[in-house]
Amino acid sequence: MNITTKRAFGKPLNYKGLNIYPVKMKDVDEFYDAVQCLLLPKNDFQQPEIIRMSYLLFLISVSQNDGGHEIVEKLISLYRLVFNTENIHIAMNEKGMVFMEIDGITLYERDFDKIKTIISEQNLIDLDDDFIDPGTKKAIQEARAFMAKRKTRQADLEQQIIAYHCKSGLPYHEIEQLTLYQFHKGLSRMDYMVSSDAILNARYSGMIEFKNDQDLPHWLGFIEEPKKNEDVIITKSTFDQQMKKLGLEPS
(Lines give C-alpha, C1' and ligand atoms only; values in the text may rest on other atoms or scores of the structure.)
Protein backbone atom coordinates (compact mmCIF):
# COMPACT_ATOMS: atom_id res chain seq x y z
CA MET A 1 0.00 0.00 0.00
CA ASN A 2 1.60 3.28 -1.09
CA ILE A 3 1.39 6.65 0.67
CA THR A 4 -1.48 7.92 -1.49
CA THR A 5 -3.75 4.95 -0.81
CA LYS A 6 -2.83 5.00 2.88
CA ARG A 7 -4.08 8.57 3.08
CA ALA A 8 -7.28 7.61 1.23
CA PHE A 9 -7.93 4.67 3.58
CA GLY A 10 -6.92 6.65 6.69
CA LYS A 11 -3.98 4.38 7.54
CA PRO A 12 -1.00 5.52 9.63
CA LEU A 13 2.48 6.02 8.18
CA ASN A 14 5.43 4.37 9.89
CA TYR A 15 8.46 6.49 10.71
CA LYS A 16 11.43 4.86 12.46
CA GLY A 17 9.19 2.28 14.09
CA LEU A 18 6.53 4.79 15.16
CA ASN A 19 3.08 5.02 13.62
CA ILE A 20 2.00 8.55 12.70
CA TYR A 21 -1.81 8.55 12.61
CA PRO A 22 -3.97 10.90 10.52
CA VAL A 23 -6.23 13.06 12.68
CA LYS A 24 -9.94 12.23 12.73
CA MET A 25 -12.78 14.72 12.46
CA LYS A 26 -13.79 14.09 16.07
CA ASP A 27 -10.47 15.63 17.14
CA VAL A 28 -10.47 18.47 14.60
CA ASP A 29 -10.84 21.33 17.11
CA GLU A 30 -8.01 20.05 19.29
CA PHE A 31 -5.83 19.46 16.24
CA TYR A 32 -6.34 22.90 14.69
CA ASP A 33 -5.48 24.49 18.02
CA ALA A 34 -2.36 22.36 18.58
CA VAL A 35 -1.03 22.52 15.00
CA GLN A 36 -0.52 26.28 15.36
CA CYS A 37 2.90 25.40 16.80
CA LEU A 38 3.97 24.27 13.30
CA LEU A 39 2.81 27.46 11.63
CA LEU A 40 5.12 29.97 13.30
CA PRO A 41 7.10 31.81 10.57
CA LYS A 42 10.64 31.17 11.78
CA ASN A 43 12.40 33.06 9.00
CA ASP A 44 10.32 36.18 9.56
CA PHE A 45 12.59 36.93 12.53
CA GLN A 46 15.54 37.34 10.12
CA GLN A 47 18.17 37.03 12.85
CA PRO A 48 20.92 34.73 11.50
CA GLU A 49 21.05 32.70 14.71
CA ILE A 50 17.30 31.97 14.46
CA ILE A 51 17.40 31.18 10.75
CA ARG A 52 20.18 28.64 11.40
CA MET A 53 18.11 26.89 14.07
CA SER A 54 16.16 23.76 13.36
CA TYR A 55 12.42 24.30 13.68
CA LEU A 56 12.28 22.20 16.88
CA LEU A 57 15.03 24.25 18.54
CA PHE A 58 13.25 27.40 17.38
CA LEU A 59 10.04 26.29 19.14
CA ILE A 60 11.95 25.52 22.33
CA SER A 61 13.61 28.95 22.19
CA VAL A 62 10.28 30.71 21.65
CA SER A 63 8.74 28.78 24.53
CA GLN A 64 11.39 30.17 26.90
CA ASN A 65 10.25 33.75 26.23
CA ASP A 66 7.50 35.43 28.20
CA GLY A 67 4.13 34.06 27.15
CA GLY A 68 5.69 31.39 24.94
CA HIS A 69 5.23 28.38 27.22
CA GLU A 70 2.04 27.42 25.36
CA ILE A 71 4.09 26.55 22.27
CA VAL A 72 5.58 23.39 23.79
CA GLU A 73 2.22 22.50 25.32
CA LYS A 74 0.65 22.67 21.84
CA LEU A 75 3.48 20.58 20.42
CA ILE A 76 2.96 17.88 23.06
CA SER A 77 -0.81 17.93 22.43
CA LEU A 78 -0.22 17.60 18.69
CA TYR A 79 2.16 14.67 19.13
CA ARG A 80 -0.26 12.94 21.48
CA LEU A 81 -2.84 13.07 18.70
CA VAL A 82 -0.69 11.92 15.80
CA PHE A 83 1.37 9.31 17.68
CA ASN A 84 -1.58 8.13 19.80
CA THR A 85 0.49 8.01 22.99
CA GLU A 86 1.05 9.90 26.24
CA ASN A 87 4.69 8.77 26.48
CA ILE A 88 6.35 11.89 25.02
CA HIS A 89 9.38 13.71 26.43
CA ILE A 90 11.49 16.63 25.17
CA ALA A 91 15.06 17.10 26.36
CA MET A 92 18.37 18.73 25.44
CA ASN A 93 21.79 17.07 25.56
CA GLU A 94 25.08 18.57 26.76
CA LYS A 95 25.82 19.88 23.24
CA GLY A 96 22.62 21.92 23.17
CA MET A 97 20.86 19.57 20.73
CA VAL A 98 17.17 19.03 21.29
CA PHE A 99 15.67 15.57 20.99
CA MET A 100 12.36 13.87 21.71
CA GLU A 101 11.57 10.45 23.10
CA ILE A 102 8.30 8.87 22.02
CA ASP A 103 7.45 5.43 23.39
CA GLY A 104 11.17 4.91 24.03
CA ILE A 105 12.28 5.85 20.50
CA THR A 106 14.59 8.85 20.20
CA LEU A 107 13.90 11.42 17.51
CA TYR A 108 16.31 14.25 16.68
CA GLU A 109 15.88 17.71 15.22
CA ARG A 110 16.14 16.50 11.60
CA ASP A 111 13.44 13.89 12.33
CA PHE A 112 11.15 16.66 13.54
CA ASP A 113 11.23 18.36 10.13
CA LYS A 114 10.32 15.11 8.36
CA ILE A 115 7.48 14.41 10.81
CA LYS A 116 6.27 17.99 10.34
CA THR A 117 5.95 17.34 6.58
CA ILE A 118 4.13 14.04 7.16
CA ILE A 119 1.61 15.73 9.49
CA SER A 120 1.09 18.45 6.89
CA GLU A 121 0.42 16.00 4.05
CA GLN A 122 -1.73 13.63 6.13
CA ASN A 123 -3.99 16.41 7.34
CA LEU A 124 -3.87 18.90 4.44
CA ILE A 125 -2.13 21.64 6.44
CA ASP A 126 -0.40 24.36 4.42
CA LEU A 127 2.94 24.95 6.14
CA ASP A 128 4.85 28.19 5.89
CA ASP A 129 7.41 28.35 3.06
CA ASP A 130 10.83 28.79 4.71
CA PHE A 131 12.43 29.82 1.43
CA ILE A 132 10.24 32.79 0.56
CA ASP A 133 11.44 36.25 1.53
CA PRO A 134 9.28 38.36 3.91
CA GLY A 135 8.55 41.02 1.25
CA THR A 136 7.14 38.48 -1.18
CA LYS A 137 5.24 36.74 1.62
CA LYS A 138 3.60 40.02 2.62
CA ALA A 139 2.62 40.73 -1.00
CA ILE A 140 1.06 37.25 -1.30
CA GLN A 141 -0.90 37.74 1.93
CA GLU A 142 -2.20 41.12 0.75
CA ALA A 143 -3.16 39.68 -2.65
CA ARG A 144 -4.97 36.77 -1.01
CA ALA A 145 -6.86 39.13 1.30
CA PHE A 146 -7.90 41.21 -1.73
CA MET A 147 -9.05 38.12 -3.65
CA ALA A 148 -10.99 36.86 -0.63
CA LYS A 149 -13.09 40.04 -0.63
CA ARG A 150 -14.14 39.36 -4.22
CA LYS A 151 -15.21 35.77 -3.64
CA THR A 152 -18.46 34.39 -2.31
CA ARG A 153 -18.01 33.53 1.34
CA GLN A 154 -17.27 29.83 1.70
CA ALA A 155 -18.97 27.59 4.24
CA ASP A 156 -17.10 27.28 7.52
CA LEU A 157 -16.15 23.89 8.94
CA GLU A 158 -19.43 23.44 10.81
CA GLN A 159 -21.43 24.07 7.64
CA GLN A 160 -19.11 21.79 5.64
CA ILE A 161 -19.82 18.95 8.10
CA ILE A 162 -23.56 19.50 7.71
CA ALA A 163 -23.20 19.67 3.91
CA TYR A 164 -21.21 16.40 3.92
CA HIS A 165 -23.97 14.74 5.95
CA CYS A 166 -26.76 16.09 3.73
CA LYS A 167 -25.07 15.20 0.44
CA SER A 168 -23.60 11.80 1.36
CA GLY A 169 -26.23 10.62 3.83
CA LEU A 170 -23.43 9.56 6.19
CA PRO A 171 -24.51 9.81 9.85
CA TYR A 172 -22.69 12.40 11.95
CA HIS A 173 -21.15 9.77 14.24
CA GLU A 174 -19.55 8.17 11.17
CA ILE A 175 -18.32 11.53 9.86
CA GLU A 176 -16.51 11.89 13.20
CA GLN A 177 -14.48 8.79 12.33
CA LEU A 178 -13.31 10.14 8.96
CA THR A 179 -9.81 11.56 8.80
CA LEU A 180 -9.43 15.22 7.86
CA TYR A 181 -7.93 14.05 4.58
CA GLN A 182 -10.88 11.78 3.81
CA PHE A 183 -13.39 14.46 4.77
CA HIS A 184 -11.93 17.30 2.71
CA LYS A 185 -11.07 15.14 -0.29
CA GLY A 186 -14.54 13.61 -0.15
CA LEU A 187 -16.14 17.05 -0.01
CA SER A 188 -14.03 18.15 -2.97
CA ARG A 189 -15.11 15.10 -4.99
CA MET A 190 -18.78 15.70 -4.14
CA ASP A 191 -18.48 19.29 -5.34
CA TYR A 192 -16.83 18.08 -8.55
CA MET A 193 -19.58 15.53 -9.13
CA VAL A 194 -22.35 18.11 -8.59
CA SER A 195 -20.65 20.51 -11.02
CA SER A 196 -20.15 17.69 -13.54
CA ASP A 197 -23.83 16.72 -13.40
CA ALA A 198 -24.91 20.34 -13.86
CA ILE A 199 -22.67 20.78 -16.92
CA LEU A 200 -23.77 17.49 -18.48
CA ASN A 201 -27.46 18.31 -17.94
CA ALA A 202 -26.93 21.72 -19.55
CA ARG A 203 -25.12 20.09 -22.47
CA TYR A 204 -27.81 17.47 -23.12
CA SER A 205 -30.55 20.10 -22.85
CA GLY A 206 -28.81 22.15 -25.55
CA MET A 207 -27.99 25.08 -23.26
CA ILE A 208 -24.25 24.75 -23.90
CA GLU A 209 -22.14 23.02 -26.53
CA PHE A 210 -18.73 21.35 -26.49
CA LYS A 211 -16.62 21.13 -29.62
CA ASN A 212 -15.25 17.80 -28.45
CA ASP A 213 -17.20 15.35 -26.31
CA GLN A 214 -13.90 14.32 -24.75
CA ASP A 215 -13.93 17.72 -23.03
CA LEU A 216 -17.11 16.80 -21.17
CA PRO A 217 -16.52 16.44 -17.44
CA HIS A 218 -16.89 13.01 -15.87
CA TRP A 219 -17.77 12.33 -12.25
CA LEU A 220 -14.54 10.31 -11.96
CA GLY A 221 -12.38 12.90 -13.71
CA PHE A 222 -8.97 13.75 -12.31
CA ILE A 223 -8.97 16.71 -9.90
CA GLU A 224 -5.82 18.77 -10.26
CA GLU A 225 -4.10 19.66 -7.02
CA PRO A 226 -3.74 23.45 -6.77
CA LYS A 227 -0.15 24.63 -6.65
CA LYS A 228 0.99 26.67 -3.69
CA ASN A 229 -0.06 30.33 -4.03
CA GLU A 230 -1.34 29.79 -7.58
CA ASP A 231 -4.49 31.70 -6.67
CA VAL A 232 -2.49 34.94 -6.38
CA ILE A 233 0.68 34.30 -8.43
CA ILE A 234 0.90 33.94 -12.21
CA THR A 235 3.86 33.17 -14.44
CA LYS A 236 5.42 35.86 -16.65
CA SER A 237 4.15 34.13 -19.80
CA THR A 238 0.57 34.13 -18.46
CA PHE A 239 0.93 37.79 -17.50
CA ASP A 240 2.22 38.64 -20.98
CA GLN A 241 -0.73 36.82 -22.58
CA GLN A 242 -3.22 38.73 -20.44
CA MET A 243 -1.52 42.03 -21.29
CA LYS A 244 -1.79 41.27 -25.03
CA LYS A 245 -5.51 40.51 -24.66
CA LEU A 246 -5.90 43.99 -23.19
CA GLY A 247 -3.99 45.47 -26.11
CA LEU A 248 -0.99 46.36 -23.96
CA GLU A 249 2.64 45.54 -24.66
CA PRO A 250 4.26 43.47 -21.88
CA SER A 251 7.51 44.84 -20.53
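Worth a mention:
- Using heavy atoms of the protein chains and a probe of 1.4 Å, the accessible area assigned to residue 32 is about 80 Å².
- Solvent exposure of region 1-120 as accessible area per residue, Å², 1.4 Å probe: 54
- Computed accessible area, residue 51, all protein chains, 1.4 angstrom probe, square angstrom: 80
- The Rg/Rh ratio for region 1-91 is 1.02, where Rg is the radius of gyration of the alpha carbons and Rh is the Kirkwood radius.
- Solvent-accessible ranking of 80, 110, largest area first, probe 1.4 Å: 110, 80
- Carbon plus sulfur fraction of accessible area for region 7-123, probe 1.4 Å, in percent: 48
- Rolling a 1.4 Å probe over the protein heavy atoms leaves residue 49 with an accessible area of roughly 100 Å².
The values are calculated or read from the model by the stated rules, or taken from the named source; none is laboratory data. All values derive from a computational prediction rather than experimental measurement. Accessible surface areas use protein heavy atoms only, side chains included; no ligands, DNA or RNA. Shrake-Rupley method; radii C 1.70, N 1.55, O 1.52, S 1.80 Å.
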